[in-house]
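S.K.: One structure, as structure tokens, below. Some questions next.
The values are calculated or read from the model by the stated rules, or taken from the named source; none is laboratory data. As the structure is a computational prediction, the values presented were derived from the model and not from experiment. All Cβ positions, even for glycine, are placed from backbone atoms using ideal geometry, and neighbour counts span all protein chains on display. Calculation scope for accessible area: heavy atoms of the full protein, side chains included, ligands and nucleic acids excluded. Shrake-Rupley method; radii C 1.70, N 1.55, O 1.52, S 1.80 Å.
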Amino acid sequence: MSRVHRDDRGLAAVARVREVRETDSRIGLQRVLAEEAALAGRLTALESSIASAPVPATTTTVELVAARTQLAHVGILVGETRDQVATAEVVTADARARWGADRARLAAVEHLLERRAARRRTEAERRAARDADDLAAQRWARGER
């Protein structure tokens with residue numbers, strides 16, 4: 001789109017705006033996906049720490065209560081992290097839908113610009129063919145065959 005026809009300046013401006021919006025929404029989606037992946041990794045780490053928590057066979061009551069309290073706190077963190085992951089999934093779905101809509105809008109404007117350019121090329125080819133026919137008819141009329 002380096003060279004824009006004078007009739008397409010307004011539509012080219014719309015295409016530039018749509019391209020910026022599409023880029024912004026794509027970057028936003030990438031950030032949200034990274035945040036979701038980080039939260040999912042944190043959740044996995046917390047769940048594995050609970051699953052691999054050692055309970056020694058001989059412990060004192062104080063040690064047992066401390067270990068149970070620590071596991072309870074990790075369990076609370078797991079619940080909170082699950083809620084955050086669920087929220088991140090909703091935000092990701094919204095960002096993906098927004099990016100898809102912006103991408104479709106940009107594609108529509110680009111398609112319209114391409115159709116206009118193709119129409120102008122077709123008209124130019126018709127004019128060139130008509131001019132060539134006129135020149136050939138003039139030569140034939142003069143007997144220059």
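S.K.: Please list, by residue number, every one of the trypsin sites (Lys or Arg not before Pro) in the range 1-88 that is coil in DSSP and has at most 15 other beta-carbon atoms within 10 Å.
M.R.: On the way: sites: 3, 6, 9, 16, 18, 21, 26, 31, 42, 68, 82; in loops: 3.
Those satisfying the criteria are 3.
S.K.: Quick check: at a probe of 1.4 Å, how many percent of the accessible area of the chain sits on carbon and sulfur atoms?
M.R.: On the way: 6080 of 11010 Å².
So the carbon and sulfur contribution to the accessible surface is 55 percent.
S.K.: Sticking with this structure for a sec: Output the 0 to 90 degree angle, nearest 10, between the alpha-carbon long axis of helix 9-51 and the longest principal axis computed from the alpha carbons of the chain.
M.R.: Rounded to the nearest ten degrees, it is 20.
S.K.: Under a Cβ-only charge scheme (Lys and Arg +1, Asp and Glu -1), can you give me the dipole magnitude of the range 6-113 about the Cα centre, in debye to the nearest 20?
M.R.: Working: 14 positive and 15 negative charges, 70 e Å.
So the dipole magnitude of the range 6-113 works out to roughly 340 debye.
S.K.: Name the residue from 81, 135, 56 whose Cα lies farthest towards the positive end of the charge dipole of the chain, charges +1 on Cβ of Lys and Arg and -1 on Cβ of Asp and Glu.
M.R.: Projecting each Cα onto the dipole axis, the largest value belongs to 135.
S.K.: By accessible area of protein heavy atoms, probe 1.4 Å, what ranking do 135, 106 get, highest first?
M.R.: Working: 135 105, 106 20 Å².
The residues order as 135, 106, largest area first.
S.K.: Ok, one more. Compute the accessible area per residue over the range 6-113, keeping the other protein chains in place, probe 1.4 Å, unit Å².
M.R.: Working: 7370 Å² over 108 residues.
In whole numbers, the range 6-113 has 68 Å² accessible per residue.
S.K.: Right, something else. Name the residue, out of 70, 30, 84, whose mean-square fluctuation peaks in a Gaussian network model built on the chain with Cα pairs under 10 Å.
M.R.: 70
S.K.: Mind telling me which of 95, 129, 72 comes out most flexible in a GNM of the chain, alpha-carbon contacts under 10 Å?
M.R.: Most flexible of the set in this elastic network: 129.
S.K.: If you average the sequence gap of Cα pairs under 8 Å that are 6 or more apart and divide by the length of the chain, what percent do you get for the contact order? If you can, show how the numbers build up before the last one.
M.R.: Working: 56 pairs, mean separation 61.1, N = 145.
In percent, rounded to a whole number, it is 42.
S.K.: Enumerate the calculated ³J(HN,Hα) couplings along the range 62-70 in order (Karplus 6.51 cos²θ - 1.76 cosθ + 1.60, θ = phi - 60°), each rounded to whole Hz, writing x wherever the residue is Gly or Pro.
M.R.: 3J(HN,Hα) across the range 62-70, in whole Hz: 5, 5, 5, 5, 5, 5, 5, 5, 4.
S.K.: Residue farthest toward the positive end of the dipole of the range 6-113, with Cβ of Lys/Arg at +1 and Asp/Glu at -1: which of 66, 41, 101?
M.R.: 101
S.K.: What list of ³J(HN,Hα) values in whole Hz, one per residue of the range 127-141 in order, does the Karplus curve 6.51 cos²θ - 1.76 cosθ + 1.60 (θ = phi - 60°) give from phi, with Gly and Pro shown as x?
M.R.: Per residue, the Karplus-derived 3J(HN,Hα) values read 4, 5, 5, 5, 5, 5, 5, 5, 5, 5, 5, 5, 5, 5, 5 Hz.
S.K.: In the Gaussian network model of the chain, springs joining C-alpha atoms below 10 Å, which of 29, 39, 71 carries the largest mean-square fluctuation?
M.R.: Of the options given, 71 has the highest mean-square fluctuation.
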